Amino acid sequence: MILARRLTIFSVVAFMFVTNPLAADSIWRRAVELYSDGTTWAAGRMQFESNEYDGRGNTRNTESSVYSIRYRGDEIDAEIVSVVRNGRDITSERRENPEYQSGRSFEGTFDGFGQSPLDRDVQDVVSIEYAGTDVLNGAVSHLYRYRMTAEAATTVGTVWIETDSGTPVRISTRPEPLPRFVDSIEILQDFKKTDTGVPVVSQVLIDASGRFLLIRRRFVVQVEFAQYSPRADGR
């Protein structure tokens, strides 16, 4: 009887927590703060894996590249470590091309892929809807739908937040409406924790398809971030 009563009380409390919008909002606020902590860390290494497919799903081009990153204030020095395109090493060619050198807008946050809905500075233009829980990578996460209109652009998507700590786990986003000639696009951003428990981006996956006249293409790009350390400027 005592066990049954405790289980009943637990069920009621759990139900209230899941359906209480105030509790849900506090989870989101916690994720925003933790995301902000993560932006003070910077990745020292990036690896790109890109694949281009034709309308029948046949591979047209593949490219794998690795960059070493150094920060000078607001500027980023991206040094090419290696580039292999369609099985051919073109590292030296890329190193001689200024377009692939310093100043590229890639960081271990959402920069370079659109503004994050968890960015502290955009919370006044983000609307959220709590959508219950979901199992991701074997763990239970709170699920949020969001819409954000910032800098004259609107994005919509989903955010997964760890139930125990409020740490962001994944962000799925897409522009609305889709750009011209684009049939579909989704950006997935996955997080991991540093040794100190700060959430940083582990990888970004971009999957886009579109067509121009009768030509159809699909592009899949995966970017992995590694060798994180605190930024010297604390930003």
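The values are calculated or read from the model by the stated rules, or taken from the named source; none is laboratory data. Because the structure is a prediction, the values reported are computed rather than measured. Backbone-built Cβ (ideal geometry, glycine too); neighbour counts: all protein chains shown. Keep in mind that these areas ignore ligands, DNA and RNA; they rest on the heavy atoms of the full protein, side chains included. Shrake-Rupley method; radii C 1.70, N 1.55, O 1.52, S 1.80 Å.
Numerical summary
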item: Extension gain from Asp134 to Asn61, taking 0.36 nm per residue of separation minus the Cα-Cα distance; result: 22.7 nm
item: Stretchable slack from Lys193 to Arg211, in nm (0.36 nm times residue separation minus alpha-carbon distance); result: 2.7 nm
item: Sequence-separation-based contact order of the range 153-235, relative, with Cα cut under 8 Å and 6+ spacing, percent; result: 20 percent
item: For the range 31-71: rounded, prolate or oblate by the Cα gyration tensor [a/c cutoff 1.5]; result: oblate
item: Heavy-atom surface of the range 146-210, accessible at 1.4 Å and reported per residue (Å²); result: 47 Å²
item: Å² of accessible area per residue within the range 44-99, as computed with a 1.4 Å probe and no ligands counted; result: 62 Å²
item: Loop trypsin sites (Lys or Arg not before Pro), the range 120-194, which have at most 13 other Cβ atoms in a 10 Å radius of their Cβ (DSSP); result: Arg180
item: ³J(HN,Hα), Karplus 6.51/-1.76/1.60, whole Hz, each residue of the range 156-166, x for Gly, Pro; result: 10, x, 9, 10, 9, 10, 4, 5, 6, 10, x
item: Nonlocal amide H pairs with Gln203, under 5 Å, H built at 1.01 Å; result: Asp190, Phe225
item: Karplus-derived HN-Hα couplings along the range 188-205 (A = 6.51, B = -1.76, C = 1.60, θ = phi - 60°), whole Hz, x at Gly and Pro; result: 10, 10, 9, 10, 9, 10, 6, 4, 8, x, 7, x, 10, 6, 8, 7, 10, 10
item: Length released on extending from Ser229 to Tyr100, taking residue separation times 0.36 nm less the Cα-Cα span; result: 44.1 nm
item: Förster radius 35 Å - calculated FRET efficiency between Ala153 and Glu93 (Cβ-Cβ, nearest 0.05); result: 0.55
item: Within the accessible area of the range 160-229 (1.4 Å probe), percent carbon and sulfur; result: 54 percent
item: Amide H contacts under 5 Å for Thr163, placed H, 5+ residues apart; result: His142
